[in-house]
Amino acid sequence: MDKWLKAARQTVSRRDFLTLSTATALGGRIALSSGTGIRPEHVKTEPLREKLAADPQRPRYHLMPPTNWMNDPNGPILWKGQYHMFYQYNPNGAFWGTMHWGHAVSPDMVHWMHLPIALAPTPGGPDKDGCFSGCAVVDQGVPTIVYTGVFPQVQCIARSDDGMMTWRKYPGNPVIAAPPQGMEITGFRDPCVWREADEWFLAIGSGVKGQGGMVLLYRSRDLIHWDYLHLLCKGRKDELLPGKDAGSTGEMWECPDFFPLADKHALVVSTQGGVIYSLGTYANHYFHPEVQGKADLGDSYYAPRSMVDEKGRRILWGWIREGRSDTAQRAAGWSGVMSLPRVLTLGRDGTLGMAPPPEFAALRGKHQRFEDLPIVPGSFSLLKSVRGDSLEVQAEFEPGASEAVGLTVRNGPDGKEQTSITYNRASRHLLVERQRSSLSSDVDRGSQGGPFVLAEDETLKLHVFLDASVIEIFANDRACLTSRIYPSRSDSLGIGTFARGGNARLKALNIWEMRPISTSRLTA
Ligand code: DQQ
């Protein structure tokens, strides 16, 4: 692990991740030294710190701000050997509003250190009402953020001369002051910028009411002067994705993310209902989708953004939203979690491959393995020796004659609380069944999930990350399902397997306890 991170973690463990004494930029790398007095300004009081640290619903190994609200990941970028992550942040509480850009840095995409807020609204400026989502690029060696200022929605830039510690907004902002003339659009936000030869291209989220979402394409030589070209891609609001009840593509596409993937291009958009991806061909600056699907089968994952990591892998990050009332979020003092990174590939079947990066094995603690066990319907099998709310689980099932098969997690001893991760063979759906996930009535308890088809001879491979109220599921490395549960009992920690309607077999089950990435739940 990098020296600076060790120093940070020692400092942080001494002070419980709360008062990082200093962070300075040395030629682009962030390092700790003493004396400049940067403090994570949002966890000021001891009672709040204690409350957050003791909160059983607060994740331990996912990135999240010290407190308050976060939503979309913004501008994830590898810069001088370190990963920078920005995100939509409200310093005023655990509710959406006054959008700032929070900022954290990591040597490995697993461990993080919080940095000072990168962007805040400028009174009287084009972003006076908020700094909405965008991206980060490096322009002739200078890190540059391209983001949406509101209101109205305009595009702005900011640069950093001190290795991303502070950001200077371009005095001529906005660099794109209005959408193309004559367009009646549903929105104009969330730029995604990339380089082709000696030109910059910018894709922006938009749509037309009654018609569908779309992405507008601009071109520039200097990130300042932009020419509108044409639509990169256009959807139809009534267009259905493959699979029953898979939803439509909506009338506004937020947070477009456009990038090459193997010999195809990928466009990921957030439709205000879910996240869809298209794989296809990019030619003459038009994108022609060929295959479409859902980036996540649930509705807890939104507004993802990608980057290329130091191994050249395409990595996608998303916002995991809460599944409880606004009142409960405000009372908790925090809302929103960054997903684990997903490694994207072009799958053999032509769809999007998604898998967790092996780097997360660094957090694995105690390991248990089970092999070759029959699963008989009705005989509820709870794995006696395994308990926990901070676990990585890898399970492989032979569905056999079963109609449904899967795992149960966060089981209470009396069976009153329980969440099932279910592959329903009859309906060909992957589901998180939350009806009994909590005794609290203030939390979402509906089933989440969507179409997922196993081939006749295929085993079901579930790779599950449990982190307090967060569940992230990777199924056969080609489908993801993210969910939230808030069990009310501190002893709802059991794990089990089940089958319905016929026998199934557990080929193998590996379970690891996961170590936290900070010494408290004040995840940094
Ligand atoms: N969140 C941002 C917008 C974006 C939306 C505002 C998506 O820029 O369209 O917080 O969640």
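Here are some notes:
- The share of Cα pairs per 10 Å bin across segment 107-181, counted from zero up to the longest distance, runs 19, 48, 26, 7, 0 percent.
- Global geometry of segment 254-316, whether rounded, prolate or oblate, following the gyration tensor of its Cα atoms and the 1.5 cut on a/c: oblate
- Here the calculated FRET efficiency for Glu456 and Asp161, from their Cβ-Cβ distance with R0 = 45 Å, stands at 0.15, rounded to the nearest 0.05.
- Order of Glu433, Glu239, Glu458 - criterion: other Cβ atoms within 10 Å of each residue's Cβ, fewest first: Glu458, Glu239, Glu433
- Gain in span if fully extended, Ala401 to Ala355, counting 0.36 nm per residue against the direct Cα distance: 13.8 nm
- Cut-off under 5 Å, modelled amide H: who pairs with Ser437 long-range: Gln418
- Distance between modelled label sites at Gln272 and Ala54, nm, 7 Å Cα→Cβ extension: 4.2 nm
- Qualifying trypsin sites (Lys or Arg not before Pro) in segment 127-232, DSSP loop, other Cβ atoms within 10 Å at most 14: Lys128, Lys209, Arg221
- Three-way shape call for segment 363-502 based on the alpha-carbon gyration tensor, with the a/c threshold at 1.5: rounded
- Sequence-distant contacts, meaning Cα pairs under 8 Å at least 6 residues apart, place the relative contact order of the chain at 15 percent.
- Segment 354-370 and segment 474-524 have Cα centres separated by 12 Å.
- Euclidean distance between Cα centres, segment 71-107 to segment 183-197, Å: 20 Å
- Cα gyration tensor shape for the chain, rounded if a/c is under 1.5, else prolate or oblate: oblate
- When +1 charges are put on Lys and Arg Cβ atoms and -1 charges on Asp and Glu Cβ atoms, the dipole computed for the chain relative to its Cα centre reaches about 1120 debye.
- Between Asp139 and His225, the simple spin-label model (points 7 angstrom out along Cα→Cβ) gives 1.3 nm.
- Net charge dipole, segment 353-424: roughly 320 debye, given to the nearest 20, about the Cα centre with Cβ charges of +1 for Lys and Arg and -1 for Asp and Glu.
- Taking the square roots of five times each eigenvalue of the Cα gyration tensor of segment 396-444, the equivalent ellipsoid has semi-axes of 24, 12, 7 Å, listed largest first.
- Compared with the dominant Cα axis of the chain, that is its longest principal axis, helix 3-15 is turned about 70°.
- Multiplying the residue separation of Asp238 and Trp194 by 0.36 nm and subtracting their alpha-carbon distance yields 12.8 nm.
- Ranked list, fewest to most other Cβ atoms within 10 Å of each Cβ, for Asp198, Asp257: Asp198, Asp257
- Modelled this way, with points 7 Å down the Cα-to-C-beta line, the labels at Asp372 and Ser440 are 4.4 nm from one another.
- Likely footprinting exposure, Val110, Val470, Val269, fewest C-beta neighbours within 10 Å first: Val110, Val470, Val269
- Furthest towards positive pole of dipole, Ala303, Cys131, His111, structure part the chain, Cβ charges: His111
- Trypsin sites (Lys or Arg not before Pro) within segment 255-359, DSSP loop, no more than 11 other Cβ atoms inside 10 Å: Lys311, Arg348
- Cα-Cα over 26 Å, subset of Lys51/Lys169; Lys264/Lys294; Lys366/Lys461: Lys51/Lys169
- Residue-span extension gain [Asp414 to Asp326] - 0.36 nm each, minus C-alpha spacing: 28.7 nm
- Spatial separation of Cα centroids for segment 130-177 and segment 289-328, in angstrom: 23 Å
The numbers here are math on the coordinates, done by the rules we state, and not lab data. Note that this is a predicted model, so its numbers are computed, not measured. Here the Cβ is made from the backbone with ideal geometry for all residues, glycine too, and neighbour counts use every protein chain on show.
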